[in-house]
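The values are calculated or read from the model by the stated rules, or taken from the named source; none is laboratory data. Model, not experiment: these values are computed from the prediction. Every residue, glycine among them, receives a Cβ derived from its backbone with ideal geometry; neighbour counts consider all protein chains shown.
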Amino acid sequence: MKFDGLKDNISGLIFDMDGLLVNSERLYWQANIQAAKEYNLNIPEDSYLKLVGSSAKDMENFYHKYFKTTELRDEFIKRTDDLVWQWADEGKLRLRPGVQEALDYFDQQGMKMSIASSNYNEYVEKFLWVTGIRQYFVFHLSYKNVLQDHLEPKPAPDIYLLAQKKMELPKNQLLVFEDSSTGVTAAHNAGLDCIMVPDLKPATEVDREDALICKDFYEVIDKIK
């Protein structure tokens, strides 16, 4: 399969998950705001947008700035995760525009597809089941693999290099889909072509140098030759 703007024929696709396939980044944002209010934390609501696709160091700096103790930090994180899990059960987790149509088309074309996510494994599996898209992917990688295989998190290329190894395809036959600048950088560092479908934060100039930018998966489909 060929994409307008990419020179090579693509046989395999690697997807990020949060904010790309599903609207979970928006749910995490809303959960962070609610948890902060419950714990009476004076955190500006737009601060959470800075965490979208953030690196581990960015997250560490955020927690150091707003949380006096690690216990409070851990309670806040657990409350955020619990809210997102609850909202997923309540039907608030949804596929982003064009995702279902794109996955159906890729599947019909015989594309080999996988997921490389930074989220916890149980949440990746939960989101796949809730949205009914689990069957499209031959495997998924998550934060569990980051720990087990001693990988550096995105923007390091490690998780995409592991995905490429498991896909058993050369780099020039693989295409990554991402929604965040951190993920785009990880794909670029891995030497993989990338299409970015931004979610909460727009593409930067660096993103535009390192990836093709599409507003949604309908536009992705339109780029298929």
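I'm checking my understanding of the structure. Among residues of the range 150-168 that are in contact (Cβ under 8 Å) with a residue 24 or more places away in the chain and outside any helix (DSSP H, G or I), which one is surrounded by the fewest Cβ atoms within 10 Å (Cβ to Cβ)? That would be P153. Scanning the range 122-163 for residues that are in contact with a strand residue (DSSP E or B) (Cβ under 6 Å, 6 or more places away or on another chain) and polar (S, T, N, Q) yields one hit, T131. Count of the range 78-99 residues, restricted to those that are part of a helix (DSSP H, G or I) and crowded, with 16+ Cβ neighbours inside 10 Å, is 9. So, in the range 208-225, how many residues would count as being in contact with a Lys or Arg (Cβ under 9 Å, 6 or more places away or on another chain) and surrounded by fewer than 14 Cβ atoms within 10 Å (Cβ to Cβ)? Here the count works out to 1.
Scanning the range 28-46 for residues being out of contact with any strand residue (DSSP E or B) (no Cβ under 9 Å at 6 or more places or on another chain) and not in a loop (DSSP other than H, G, I, E, B) gives a total of 12.
Taking (1) over 21 Å from D58 (Cβ atoms); (2) in contact with a Lys or Arg (Cβ under 9 Å, 6 or more places away or on another chain); (3) surrounded by fewer than 20 Cβ atoms within 10 Å (Cβ to Cβ) in turn, K171 satisfies each apart from (2). On the given criteria, is L20 buried (at least 21 other Cβ atoms within 10 Å of the Cβ), modelled with pLDDT of 85 or more and not in a helix (DSSP H, G or I)? So L20 fits the description; yes. All told, A156 falls short of being among the small types (G, A, S) and touching a Phe, Trp or Tyr at 6+ places or on another chain (Cβ under 8 Å).
Would a scan of the range 172-195 turn up a residue that is acidic (D, E), in the same structural domain as E209 (by TED's automatic domain parsing) and in contact with a Gly (Cβ under 6 Å, 6 or more places away or on another chain)? Checked the range 172-195: at least one residue is acidic (D, E), in the same structural domain as E209 (by TED's automatic domain parsing) and in contact with a Gly (Cβ under 6 Å, 6 or more places away or on another chain). Among the residues of the range 49-57, not a single one is more than 24 Å from the chain's Cα centre (by Cα), closer than 27 Å to T185 by Cβ and surrounded by 15 or more Cβ atoms within 10 Å (Cβ to Cβ). You will find that of L49, L128, L147, L103, the residue that is more than 30 Å from I224 (Cβ to Cβ), assigned to a helix (DSSP H, G or I) and assigned by TED's automatic domain parsing to the domain that holds L162 is L147 and no other. For P44, the criteria (1) surrounded by 15 or more Cβ atoms within 10 Å (Cβ to Cβ); (2) of a type outside the set (K, R); (3) not assigned by TED's automatic domain parsing to the domain that holds T131 hold in every case but one, which is (1).
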